[in-house]
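One structure is given below, encoded as structure tokens.
The values are calculated or read from the model by the stated rules, or taken from the named source; none is laboratory data. Since the structure is predicted, the reported quantities are computational estimates derived from the model, not experimental observations. Glycine also receives a Cβ, built like all others from the backbone with ideal geometry; neighbour counts cover every protein chain displayed.
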């Protein structure tokens, strides 16, 4: 490259000198000239104003002008204003490097790297430009391609992830790979445990044979390869027929069947994770791309894509496995739940049956209770009705609905409830009680009722409530009243004629109204004795009736048992003497709670019996002793005794052991019954013990006073 | 010392046996009346030493008769012994509360009456 004076702009002296000096060195530089001229880089010389003084061929091509046209033009004309580059600084002595965007005369843009070396000649600066457009474009292409791959990859991954169905995932994979790689066939080959394998998913162009569902013998994919693939081996075969591919002959024959020219194989490994322990990777299968048209050189991107998708399949496999296990668990749980459900249904069924049976028995119970002319109810421990029969409606005019849940007081009224209360409390403290009450029916009638409460205890013996049975005893009460009145009236009415009879006979017996024959006197004696017995009988009947009717209220007071014993013995002493019987009383100081008159009556009655049934010379004992919370009185004789089967019965009315014998002795047959009634009214017990031929003992108890 | 006894009882047989028994046993004079009303009249006029009064009588019973006797100055001082078929302690107590001198329960032996009366009235 030789500067030519004709191309020189208006020059200075200094310039001329330089040129001159240059021409002197021309011969030395000649060697460099073609080098510069044909250098790859554009090389130019610019003046202080940035106008071209000289340029090589590459520079002319870069700016799209002949050297002639280029010389004298300022570099600035070719710098792209929109490039954002700062202009070159020609005023500095520093070497400058950078990049520029140029636009040439044909409006072709190019990216250049420049280096400006100022003042290589006087007012001449060396500009070296290297076109880097292609390189930049290549980089951008690569970036673009990478971006596309990323997009593609996420798109495929998304598609794969959108499904949990392995089959669908595999299908998506082969379809997408086939689409992206524009391969003729993409398939997934599953390695089976016995070493054989099978194509389980395939995307193939229509003009090539399908190998879907085709099973391959073990030889096609020998065991030793498994390990290699399991460790991540990838095979990219450009041409199966090329010996460099290293395919065995039989394998080449095999692939020829399917027109396979090139293939790309990536493993799909399975990371088996059982019970948290990680086992080494296992080869599950292969993702394979086939090229059938022609051999194909597989690029890195394609390998990478295949590998990444194979990894996705691995993940999907793991998920599928988890899903499968989950499904197994769900299945097991479902089976368990179904079992539970079945037994639950059975239980419900059983309960329904039981309930139906219960309902039926309840209906029967209701039917029975409703048919009875008595009040039947269940009252809970809050004194509220929980069951009642129809009689409540008949008697009280209150429907079961009104009564259910209602309090006793609400149903019966305050006054009646006041009379019931003691017994209700007693039942709720666990005692069975029976009492009589007067109630008013809905129609205003007064009725006498007999009421029984039976406590309802649970397993823990807690009172849950009580069963109440109320029956109308008005009729019975009326009859009882009539009986009592009758007995009372009869007894009273008998007394007056008896007085006359008794007195008349006694007067006759004095003999002052005329003397009778011996037979006559005997008859008079019989009449007199019988009258006395009749008097006793009337007295006893009246006594018994009064005690039984409850008209007598025992006037109980604190007494010393010894006093009773002394009084009773004194009263009976005369009779004892008459019968030649020794009466021995052994008084004991015991404080008892009793009605003095009645206890004396009982004691004298027992003593009288003992004396009556003793033979002359016998002894009758009256003793007492302290028992637990009670005093025990005993009247013992040495008489003939009482047969065991009579020991209970003798306390019943008119149940003497030998009635004719008893009557002879002036007994009425009511004495022991009266005794028993008196003792029971005092809360005591009375009983007889006897040894035949050796005498009897009559005992009774009375409550003692607590200190 | 002889006494004058008035027996008021609607039963004639009682009047008779009482009359016989007392006369035989003690030799006392016995006046009789068959109703409360006649009994009161007899008591007013005869002023007996004691009146034996039956409780159960038609028209005017023994209790009413006793109360009338009590209201009359001529008879209020005369001791009265009731004759009753009711033998109960409580009833006896009730009669005593009325202010009668005593109670003798039927059936009784009329021969024993003078002794009983003497004991009751502390003669």
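What the table below lists for this structure:
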read-out: Test: residue in the range A:240-249 that is closer than 30 Å to residue A:321 by Cα, at pLDDT 80 or above and touching a strand residue (DSSP E or B) at 6+ places or on another chain (Cβ under 7 Å); value: no
read-out: When residues of the range B:35-46 are limited to those that are surrounded by fewer than 18 Cβ atoms within 10 Å (Cβ to Cβ) and within 17 Å of residue B:57 (Cα to Cα), the one farthest from the other protein chains (Cβ to nearest Cβ); value: B:41
read-out: Some residue of the range B:65-84 being within 23 Å of residue A:495 (Cα to Cα), surrounded by fewer than 23 Cβ atoms within 10 Å (Cβ to Cβ) and at pLDDT below 90; value: yes
read-out: Residue identified as under 30 Å from residue B:85 (Cβ atoms) and more than 14 Å from every other protein chain (Cβ to nearest Cβ) among A:487, A:479; value: A:479
read-out: Qualifying residues in the range B:49-63 (those that are away from every other protein chain (no Cβ under 14 Å) and surrounded by fewer than 21 Cβ atoms within 10 Å (Cβ to Cβ)) - the one modelled with the lowest pLDDT; value: B:59
read-out: Qualifying residues in the range B:103-123 (those that are more than 19 Å from residue A:510 (Cβ to Cβ) and within 14 Å of another protein chain (Cβ to nearest Cβ)) - the one surrounded by the most Cβ atoms within 10 Å (Cβ to Cβ); value: B:106
read-out: Per-region count, the range A:446-463, residues surrounded by fewer than 13 Cβ atoms within 10 Å (Cβ to Cβ) and assigned to a strand (DSSP E or B); value: 1
read-out: Count - residues of the range A:582-609 that are under 24 Å from residue A:629 (Cβ atoms) and surrounded by fewer than 22 Cβ atoms within 10 Å (Cβ to Cβ); value: 11
read-out: Residues of the range B:1-29 classified as in contact with a strand residue (DSSP E or B) (Cβ under 8 Å, 6 or more places away or on another chain), in contact (Cβ under 8 Å) with a residue 12 or more places away in the chain and within 13 Å of chain A (Cβ to nearest Cβ), total; value: 9
read-out: Qualifying positions in the range A:535-563 - within 11 Å of another protein chain (Cβ to nearest Cβ), assigned to a helix (DSSP H, G or I) and surrounded by fewer than 17 Cβ atoms within 10 Å (Cβ to Cβ); value: A:536
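For (1) crowded, with 16+ Cβ neighbours inside 10 Å; (2) part of a helix (DSSP H, G or I); (3) away from chain B (no Cβ under 14 Å), each residue gets a yes or a no:
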| position | (1), (2), (3) |
| --- | --- |
| A:465 | yes, no, yes |
| A:470 | yes, no, yes |
| A:506 | yes, yes, no |
| A:511 | no, no, no |
